Every structure is written in structure tokens, then in C-alpha cells.
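Read-outs throughout are calculated quantities, based only on the coordinates presented, and are distinct from any laboratory measurement. In this text, all values refer to a predicted model and were calculated from it rather than measured experimentally. All Cβ positions, glycine included, derive from the backbone under ideal geometry; neighbour counts span all protein chains shown.
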Amino acid sequence: MPYDEALERFEPVLGLETHVELGTASKMFCGCPTTFGAAPNTQVCPVCLALPGALPTANAAAIESTIRIGLALNCSIAEWCRFARKNYFYPDMPKNYQISQYDEPLCFDGYLDVEVDGKTVRIEIERVHLEEDTGKSTHVGGATGRIHGADYSIVDYNRAGIPLVEIVTKPIPGTDRLAPEVARAYATELREVMRALGVSDVRMEEGSMRCDVNVSLMPRGASEWGTRTETKNVNSLRSVERAVRSEIERQAGILADGGKIIQETRHFHENTGTTTSGRSKEEAQDYRYFPEPDLVPIAPDTAWVATLKAALPELPRLRRKRLQQEWGVSDLDMESMHNIDAIELVEATVAAGAPPADARKWWMGELARRANEAAVPLGELRITPDQIARVCAMVAGGALNDKLARQVLEGVLNGEGSPDEVVAARGLQIVNDEGELSAIIDQVLADNAATADKVRGGKIAAVGALVGGVMKASRGKADAARARELLLEKLGVSE
Amino acid sequence: MSLVHTSAAELGALIASGEVSAVEVAQAHLARISAVEPQVNAFLHVDAEATLAQARAVDARRAAGEALGPLAGVPIAHKDVFTTTDMPTTAGSKILEGYRPPYDATVTRRLREAGLVILGKTNLDEFAMGSSTENSAYGPTRNPWDLTRIPGGSSGGSSAAVAAYEAPLSTGTDTGGSIRQPAAVTGIVGMKPTYGGSSRYGLIAFASSLDTPGPFARNVLDAALLHEAFSGHDPMDSTSVDAPVPSVVEAARHGDVAGLRVGVVKEFGGDGYQPGVLARFHESVELLESLGAKVVEVSCPSFSTALPAYYLIAPSEASSNLARFDAMRYGLRVGDDGTRSAEEVMALTRAAGFGPEVKRRIILGTYALSSGYYDAYYGQAQKVRTLIARDFEAAFHQVDVLVSPTTPTTAFPIGERADDPMAMYLADLCTIPTNLAGNAAISVPCGLADEDGLPVGLQIMAPVLGDDRCYRVAAAVEKALEQRWGGSLLSKAPAL
């Protein structure tokens with residue numbers, strides 16, 4: 001059912017479960033390194049391979065990071081809690097149980113405020129807990145890359161045991177038609193909190209941040225929430241938004257036809273923007289959670305937690321408020337910068353010497369357009385804030401005009417070198433050699449005698465056409481303001 | 001006296017002084033093993049060459065002038081549930097047949113560091129689940145006192161090896177009584193240290209919150225020396241106690257009960273206890289009194305619920321601990337013919353690789369942890385566990401140690417309880433409360449039952465980290481009884 005129609009008839013309730021791989025040097029329960037991309041099964045030991053007799057010991061740095069995350073999300077920190085075993089058999093899970101937390105999470109009852117459509121939406125956080133990642137299975141052969149139909153599967157245990165923080169929201173009602181945007185804004189904000197804390201590289205495409213999106217619908221005016229689905233495999237912020245939208249449309253269609261929503265796991269497909277059914281919760285496992293007897297309880301010292309809280313960095317939303325004031329921009333401008341991850345880039349460009357307005361103009365204009373065309377995040381364009389600041393300086397110094405500056409940016413993005421190298425190689429310096437400019441003007445006046453006469457006759461506005469002629473003849477390199485001055489001078493007119 | 005009949009402490013002294021070489025000691029024990037193993041079947045693996053190489057290394061260290069520890073060069077039999085890089089480690093299971101670990105257990109490493117010479121790996125009930133060693137996938141071990149009877153379990157290979165003079169020392173693990181019960185029924189000393197006092201790293205887990213490595217020996221001092229050699233804090237085991245090892249050797253050297261308050265657990269005794277066992281136990285209590293102890297009766301009402309609580313907690317943990325044996329990374333693999341899914345191979349392997357008792361406990365534990373049953377079973381059992389710990393706590397406010405028979409009966413015939421799990425489980429009736437509470441307990445020989453002439457054990461229980469008290473009392477009892485008997489109880493065993 002089309003989105004607008006779906007929203008006329010139903011109200012969505014959201015929920016998000018986000019997994020964040022912590023950037024600790026060693027794994028959660030052993031000393032193995034956590035470097036991404038190492039040769040398969042080279043970062044393993046008896047503990048993370050679950051060899052007979054091996055025992056886990058908890059990584060103190062990971063516990064500290066989790067508490068900092070909890071504090072940044074305004075959570076209470078448990079005075080005493082335990083790890084729990086989540087039991088299920090799967091080949092990429094060496095112990096056939098995952099050490100996680102069950103009814104005693106390390107952090108609980110917090111919130112995260114996000115900005116959507118100029119309004120602040122408070123997302124309640126149910127819990128933040130610590131667990132370990134599984135190995136990574138690759139299913140070889142078969143059409144889908146999934147385990148069914150594969151010829152065989154191989155497992156890389158390098159990822160097994162990497163510390164993973166799970167952040168679970170409480171159900172989020174009342175988002176109405178903004179549900180997809182709220183989901184995205186939450187994921188974006190959460191990612192920035194993680195970055196500000198420096199606890200994870202939060203790369204969704206590498207899987208170091210993964211979102212599961214829960215959606216349910218209820219008829220407008222109803223008070224009882226509908227059956228929810230849990231969509232996995234949502235690997236970008238954009239996908240978070242699309243997955244929510246697609247699930248709302250799908251569920252609305254079923255409900256409108258009198259059908260029932262099955263509580264199930266669904267998979268999001270990047271290429272189609274839709275979800276398909278995974279395993280149904282009815283056939284799902286009983287995880288037989290029980291307190292992990294191999295590990296002693298965690299009892300964070302209250303004074304230590306207070307120290308961690310006092311040492312938290314400026315959190316992204318407050319930082320944005322500060323920057324907004326410093327830059328003097330509107331809420332909407334700030335939000336649009338936030339939505340495409342431009343704030344840090346603008347901030348860095350300003351730090352490199354560019355005026356805020358110029359830095360914002362380039363990132364939100366020309367560069368945003370190019371990123372959009374190439375379908376890459378803004379931050380992945382092959383240009384740095386320093387380079388933008390340099391271009392801004394050249395424009396301010398009169399060496400470039402905007403049109404030339406765009407060409408310089410194009411050159412840098414093409415890998416032609418630094419802005420100065422592009423200017424030199426492409427010959428993009430503004431023509432301010434008076435002799436050369438004067439010759440071009442004489443030619444233009446000769447070619448446009450009628451227009452020249454109009455100007456002489458007092459119709460000064462007509463000079464614009466002549467300036468255009470000079471710019472064209474100089475292929476954009478002329479300084480338009482100077483050209484106008486010279487034209488008027490030569491025509492003997494003054495304003 | 002022959003080298004195999006010599007105590008570990010004396011062997012250590014003889015080797016340190018150069019009177020005998022570690023190689024000679026090892027050879028004597030290897031010869032004894034060759035002679036009696038066909039009857040006893042205590043070992044799953046013996047490697048004479050590797051043993052002699054270890055002994056030669058100790059002799060070389062001595063020759064180089066190195067000061068050797070009290071047990072350097074002394075042979076030891078090692079329960080096949082501790083990982084060893086140079087020997088297979090099977091946990092008595094088909095699922096690990098031929099498995100050779102890439103790392104040593106902390107206990108193994110500390111034995112090596114102390115210069116102990118590992119003769120081989122001893123038989124056990126599969127994954128330490130049992131009280132008779134009949135659950136081993138590699139055939140039962142026989143009791144040196146009577147080859148038709150069980151040597152106790154799960155550490156039956158370790159108790160039999162020491163009782164049969166194949167080794168002066170051995171390691172065991174005690175989850176519900178698996179050291180104390182085999183020690184009692186083979187007439188030797190067996191100690192369950194305080195939980196966390198000895199490292200579980202590299203001990204193939206049965207029930208994580210209960211498993212405790214401990215020593216077997218033919219006398220109290222030897223047990224204390226071994227206890228001290230492999231105990232102490234281990235950063236690789238999160239549940240390891242970060243406290244100094246209680247001075248167990250000192251205590252074992254100075255057995256004394258004068259002025260000691262001894263509590264007799266009221267709940268242990270009566271129906272189901274063999275009269276000959278109770279007779280020896282009561283004599284032991286009188287002996288303690290005659291040695292100056294003040295004996296009182298102490299009630300621990302929750303002890304009667306210990307057995308059912310144990311048979312929920314231990315199988316629950318086991319069901320999860322044994323999940324890793326899935327044919328994916330090591331061990332047996334069945335049905336991997338290219339047509340079956342990983343799940344099918346796991347299921348076929350586990351069906352073929354685990355024995356009936358292991359399966360029974362996995363199923364029991366899986367059930368007890370299941371959604372909807374957890375509170376009624378596992379949750380309830382944990383509450384009972386708390387009550388038992390409180391009973392101990394209250395008792396240790398009144399008395400310094402508690403005593404009881406170690407087991408309700410002497411060694412029963414092989415096969416007698418094999419098809420009756422409940423009867424088998426009762427063998428651990430008196431030992432289980434200590435495991436649930438995590439405190440220390442020792443079994444020391446206290447005589448032979450009149451009915452069958454088989455050994456009876458006295459259990460001495462002490463508070464958490466009161467391990468030295470166990471040794472102090474056991475040493476006093478041992479000294480007095482050996483004077484009465486004119487030698488060790490084991491010297492009365494029929495020759496093999």
C-alpha cells in the first residue's frame with residue numbers, strides 16, 4: 001500500500017536494536033587482536049575457538065566503554081550485574097552459546113534526543129548491554145549467498161569474541177508519518193555519540209554498527225499495538241529509513257486486506273529497498289538463558305562511574321547547538337547538514353580557515369550534489385576539508401571566482417591533485433592581467449557595437465550582456481567585476 | 001621398602017638428595033603400571049618414553065645444581081580431563097578420542113613447573129559424570145581392593161592408580177564428590193579445595209560453578225604438598241580466588257585437634273547408610289573426642305535438598321558446557337559425507353559420541369533451563385544452594401569443622417548400579433553440599449567396614465578458604481589411626 005495511504009489508516013510503532021562493535025585492542029573474553037580484515041582464522045586462540053577447557057575472562061576496557069555509552073545515553077548503571085549464556089547451536093558460534101547479558105544489563109533506562117523536522121524527539125533507551133560477536137560464515141555456491149542451497153560454508157572465527165554492545169530502545173509510538181525519518185535520525189545520532197566517545201569506528205558497511213528495525217502498525221485510534229516484525233541486514237543509515245518505510249507499506253497492505261502480521265525476522269534488500277521473510281519467531285529457539293558461571297559478576301565502583309561520567313566528551317547534540325550558534329545558521333540548515341553528515345566536514349573546513357558560510361555553501365551545494373550523483377556518503381568524496389578551505393581562500397583572495405572554483409573542485413575530485421595543482425594544470429587563474437583583459441574587452445565592444453551604443457546612450461543595465469561576452473571570451477577566467485569597470489570606463493559612462 | 005611404596009614426600013627428598021634419580025623412580029612406577037594395569041585399568045594413556053624424558057629433565061636440573069621443589073621428580077597420574085599438549089585428552093569420551101590439545105591446563109603447567117613427572121592420563125566417568133568410572137567410553141577401572149568393585153568416580157582412574165601403587169600422587173576434579181568418594185572407597189586421601197582455590201583453566205568443564213581440581217595421595221602430607229603445588233590464583237580463570245593458598249602443608253605436618261570444635265552433621269546417617277560405614281564413622285568421632293576435640297551435633301536441615309538441587313544445577317551447566325562438542329573444530333565427526341547440513345552432522349556426531357549418562361544429563365539440563373521451567377527448576381535449585389551455604393555458615397559459627405561419612409556405602413560391585421541412576425547418584429549424598437556451597441572438604445581413610453572389609457572414608461568439611469583445617473584434622477586422625485593399625489589402611493589391601 002502506498003506510504004501516504006498507509007499512514008492515513010495506521011499508526012506505526014518503532015523499535016531499534018543496534019549492535020556496535022567496540023574498538024578495543026583485544027577481544028571481549030581473550031587477548032586476541034581485533035584488527036579488521038586480517039587473514040581468516042589468524043586472530044584466534046583456545047578461548048575464542050572454544051577449545052575444551054578454555055575459559056573466558058572479561059575485557060575491562062570493553063566494560064568501561066559500555067558504561068561510557070550508557071552514561072552518554074543518560075542510562076542508570078547497574079551496581080551489580082552478570083553475564084548470561086544465550087544457548088543456541090550455530091556453526092559460527094564456537095561455544096554454541098553466546099556470552100551476553102539477559103535480565104541484568106550493565107546500563108538501563110536512558111534516552112537519546114534527536115532532531116526531526118525541526119522538532120526534538122526523545123527516544124527512550126531500554127538497555128545497553130555487553131556481549132560477544134560470532135564468527136563470520138560465508139556460504140559458497142547456491143544463488144542467494146544464504147545457507148540454504150549453498151554447496152558448503154566456511155567460517156572465519158577472527159570476529160568471534162569481538163566485544164559487541166547492544167543498545168535497545170523502548171517501543172517508540174507517536175512518530176506518525178515521520179517514522180522512517182525518526183529511525184534514521186536515531187541511528188545517525190547514535191553513531192555520532194559512538195564517534196564522540198571514541199568507542200567504535202561505527203562503520204555500517206563493515207558491520208561495526210548494525211541496526212535491527214522493529215515495526216508494527218495499529219489502526220488509527222487503536223490503543224493496542226500490532227504484531228511487530230524485526231528487520232535485519234540494514235547496513236546503512238539510508239537503509240534504516242527505507243526499511244521502516246517499506247515495512248510500513250508492506251504491513252499496511254496485509255492488514256488492509258484483512259490479513260495478519262506474522263511475528264518474524266525479515267531481511268532488508270539494499271537493491272530493491274524491500275524486506276523478505278527470514279525465520280519465523282514461532283520456530284525460533286528457546287535460548288535457555290542462565291547466568292554465566294565462568295565469569296564473576298560486574299560490580300562497577302560508584303566513584304569510578306562518576307569519574308567516567310565527568311570525563312564524557314561534549315555530546316554531538318550539544319556540540320551541534322554550539323556550532324549552530326557559532327555559525328549563525330537556522331535549525332533547518334543545521335538539520336540538513338546533520339542529515340547528510342556534513343557537520344563535521346564543515347567544522348573541519350572552518351577549522352582550516354574558511355568562513356562558516358563558505359564552508360557550508362560548498363559542502364551543502366556543489367559537493368552534496370556530487371556525492372548524491374555518485375551515491376556515496378559526503379565524507380567519502382575524494383576531497384578534504386583542508387582542500388575546501390584552500391579553495392575558499394583563493395576565492396576570497398580574488399584568484400578564483402565561483403565558476404572556476406567549481407572546476408577546481410572537479411579537478412580535485414578527479415584525482416588531479418591539490419587545488420593549487422589543479423589551478424596550475426588546468427590554467428584556471430582569473431585573468432587580471434589588465435592588458436589581456438583590455439584586449440578581450442575591445443574585441444567584445446567591436447563585436448557588439450549595438451549593445452555598446454545602448455550603454456553609451458545611458459542604458460547601463462545593458463552592460464551585463466557585454467560582461468557576459470567578456471566572460472565567455474575569456475572562458476570564465478576573467479574577473480567579472482573588473483571587466484564591468486573597464487567596460488564602463490571604455491564606454492565613457494559612469495554609474 | 002620399594003620405590004612404588006614410598007610416599008611422595010620421601011621420594012622428593014630422596015631425589016633432591018641424589019639418593020635415587022627421578023629416572024629410577026619413574027622406571028619403578030612404569031614397571032608397576034605394566035604389571036597391574038591389565039587388572040586395574042586406571043590409565044587411558046601411558047607414554048613410557050615421554051615419562052622418562054621428563055624424569056631425565058629433572059635429573060639434569062639437579063645435576064646442574066638447581067634447587068628442586070619438594071615434589072620434583074615425583075611421578076603423578078593426571079586425570080584425563082585436564083588438557084595436556086603432549087598427551088591425548090579425552091575426558092573419557094568417544095567424542096574426543098585422540099584429541100590432542102594445543103595448550104596445557106593451568107594445573108598441568110604447574111605440575112610441570114613443580115617438576116612432577118606425568119606418567120599418563122587416568123580414566124574417568126565420561127566428562128566427569130558418574131560415581132563409578134563405569135561411564136568411561138574406554139571401559140571401567142577396577143578397585144584395587146576388590147577387582148569386581150568400582151573405584152569410585154568420576155576420578156576413579158586417579159584413585160585406583162594411587163591405591164594400586166602405580167603412582168604416589170594423582171590429580172582429580174570434584175564436582176559433586178568426584179575426588180572424596182573415590183578416595184573413600186579406595187582407602188586413600190582425597191581433597192576438594194575451596195572452589196576457586198585451584199584453577200579450572202584447561203579443565204574440561206562439567207559444571208563450571210562446582211568443578212574443583214584437587215589432589216589424591218596415600219597420606220595427608222603428600223596430598224597437601226600436591227595441593228600446594230598446583231593451587232593458587234590464575235588470571236586465566238575469572239572465578240579463581242585471588243588470595244594466598246591456605247598453609248596446607250604446614251597444617252598437614254602438624255595434625256592436631258586439641259580444643260577444636262567438631263560438628264557431626266545430624267542429617268547424614270540412618271536409612272541408606274551401610275552399618276559398617278556408620279560404625280567406623282562413630283569410632284572416628286570418638287577418636288576425635290579422645291584427641292581433645294569438642295564434639296557437638298549440628299543440624300543442617302537444607303542438606304537433605306542438596307542432591308536434587310545438584311542434579312538440576314550441574315546438568316544445566318553441563319548442557320551448555322558440552323554444546324561446544326559439535327564436530328566443527330575438533331573431535332569426532334560423523335556423517336560428513338557432503339550431503340548433510342552442519343546441523344545434521346552435529347546431531348549425528350553428538351548421538352554417536354556421547355554416552356548414555358552424558359545424554360541423560362544434557363537432556364535434564366536442557367529441560368531445566370527451558371523457558372517456562374527455569375524458575376521452577378534451575379531458579380529453585382539456586383535458592384536451595386543459597387540455603388545450603390547459609391546452613392554451612394551457621395554451622396561454622398558453632399564449630400570449626402563438620403564431619404560425616406564420605407559416602408553412605410563402601411565400593412559397590414561393578415554393574416550393580418549401572419542401570420539405576422538414582423542409586424548411583426546417592427553415592428554423593430554427603431559430598432554434594434560442600435560443592436554447592438564452595439567450601440573445602442577432605443576424605444581420609446578411617447577403617448574397614450565389617451560386612452565387606454572395604455575402606456571407609458571420613459569427610460572433614462571446613463569453611464571457604466579453611467582448607468588448612470581439613471588437613472590439620474585429617475593429619476591428626478591419620479596419625480592416631482595408623483598407630484592403632486600399625487601402618488596405613490592401604491597396607492591391609494590384598495596384593496595385586
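Tell me the relative contact order for chain B as a rounded percent, counting alpha carbon contacts under 8 Å between residues six or more apart.
Across chain B, relative contact order equals 17 percent.
Taking a ≥ b ≥ c as the square roots of the eigenvalues of the Cα gyration tensor of region A:1-160, is the shape rounded (a/c under 1.5), prolate (a/b larger than b/c) or oblate? Write down the numbers at each step before the final one.
Numbers: a/c = 2.29, a/b = 1.27, b/c = 1.80.
Taking the square roots of the gyration eigenvalues as a ≥ b ≥ c, region A:1-160 is oblate.
What is the angle, in °, between the Cα long axis of helix A:60-72 and the longest principal axis of the Cα atoms in chain A? Nearest 10 is fine, range 0 to 90.
With rounding to tens, the tilt is 60 degrees.
How would you classify region B:378-420 from its alpha-carbon gyration tensor, with a ≥ b ≥ c the square roots of the eigenvalues: rounded for a/c under 1.5, else prolate if a/b is greater than b/c, otherwise oblate?
Oblate shape, in that a/c is at least 1.5 and b/c is the bigger or equal ratio.
Give the whole-number value, in cubic angstrom per residue, of the convex hull volume spanned by the C-alpha atoms of the protein assembly as shown.
Details: hull volume 218.6 nm³, N = 991.
With only Cα atoms used, the protein assembly as shown gives 221 Å³ per residue.
Quick one: what Rg and Dmax do you get for region A:3-309 from the alpha carbons, in Å?
19.7, 59
For A:84-97, what's the mean count of beta carbons from other chains sitting within 10 Å of each residue's beta carbon?
Rounded to a whole number, the mean comes out at 5.
Would you list, by chain and number, the lysines whose Cα falls below 25 Å from the Cα of A:K27, excluding same-chain residues fewer than 8 positions away?
Those lysines meeting the cut-off are A:K86, A:K95, A:K136, A:K232, A:K309.
Evaluate the Kirkwood expression for the hydrodynamic radius of chain B, namely the inverse of the mean inverse distance over all pairs of different C-alpha atoms, and round to one decimal in Å.
Taking every pair of different Cα atoms in chain B, averaging 1/r and inverting gives 22.2 Å.
When the Cα atoms of region A:4-98 are enclosed in a convex hull and the volume is divided per residue, what value in Å³ results?
208 Å³
If each DSSP helix of 4+ residues adds -39,500 (n - 2.57) and the sum is divided by the residues in chain B, what number results at 222 nm, nearest 500 deg cm²/dmol?
-12000 deg cm²/dmol
Just tell me how shielded A:52-64 is by partners: mean number of partner chain Cβ atoms within 10 Å of each residue's Cβ, no decimals.
6
With an 8 Å cut-off on Cα pairs and a minimum separation of 6 or more residues, tell me the relative contact order of region B:335-477 in percent.
21 percent
Ranked highest first by the average count of other Cβ atoms within 10 Å around their residues, in what order do A:193-204, B:19-30, B:475-486 fall?
Ranking the peptides A:193-204, B:19-30, B:475-486 by packing returns B:19-30, A:193-204, B:475-486.
Tally Lys/Arg at +1 and Asp/Glu at -1 over every other residue whose Cβ is under 14 Å from the Cβ of B:E113; what's the total?
Here the count lands on 0.
For the residues B:M461, A:M93, B:M236, what sequence is obtained by ranking on other C-beta atoms within 10 Å, fewest first? Mind showing how you got there, number by number?
Working: B:M461 30, A:M93 25, B:M236 21.
Exposure proxy ranking, most exposed first: B:M236, A:M93, B:M461.
Show that you can apply the helix-only estimate: for chain A, add -39,500 (n - 2.57) for every DSSP H stretch of four or more residues, divide by all residues, and state [θ] at 222 nm to the nearest 500.
-11500 deg cm²/dmol
So which cysteines of chain A have no other cysteine's Cβ under 4.7 Å from theirs?
A:C30, A:C32, A:C45, A:C48, A:C81, A:C211, A:C392
Can you give the extra length, in nm with one decimal, that the chain gains between B:K359 and B:D337 once fully stretched, where that is 0.36 nm per residue apart less the Cα-Cα distance?
5.5 nm
Could you work out, residue by residue across A:43-50, how many beta carbons of other chains sit within 10 Å of that residue's beta carbon, and then give the average as an integer?
That average works out to 3.
What Kirkwood radius, in Å to one decimal, follows from the Cα pairs of region B:357-496? Working shown, then result.
Working: mean 1/r = 0.0567 Å⁻¹.
Over region B:357-496, the inverse of the mean reciprocal pair distance is 17.6 Å.
Taking the highest mean first, how do the peptides B:382-391, B:61-70, B:144-153, A:29-38 order by number of other beta carbon atoms within 10 angstrom per residue?
By packing density, highest mean first, the sequence is B:144-153, B:382-391, A:29-38, B:61-70.
Cα-based Rg (one decimal) and Dmax (whole number) for region A:434-491, in Å?
10.0, 29
For region B:82-222, what is the relative contact order in percent, using Cα pairs closer than 8 Å and at least 6 residues apart in sequence?
21 percent
Tell me, rounded to the nearest percent, the portion of alpha carbon pairs in region A:174-333 spaced more than 22 Å apart.
When all Cα pairs of region A:174-333 are counted, 60 percent exceed 22 Å.
Could you work out how far the C-alpha centroid of region B:360-384 sits from that of region A:227-297, in angstrom?
Their Cα centres are 30 Å away from one another.
Run the reach check for A:K490 against lysines, Cα to Cα strictly under 25 Å, same-chain hits fewer than 8 apart removed. What comes back?
Hits, sequence-local ones excluded: A:K454, A:K459, A:K472, A:K477.
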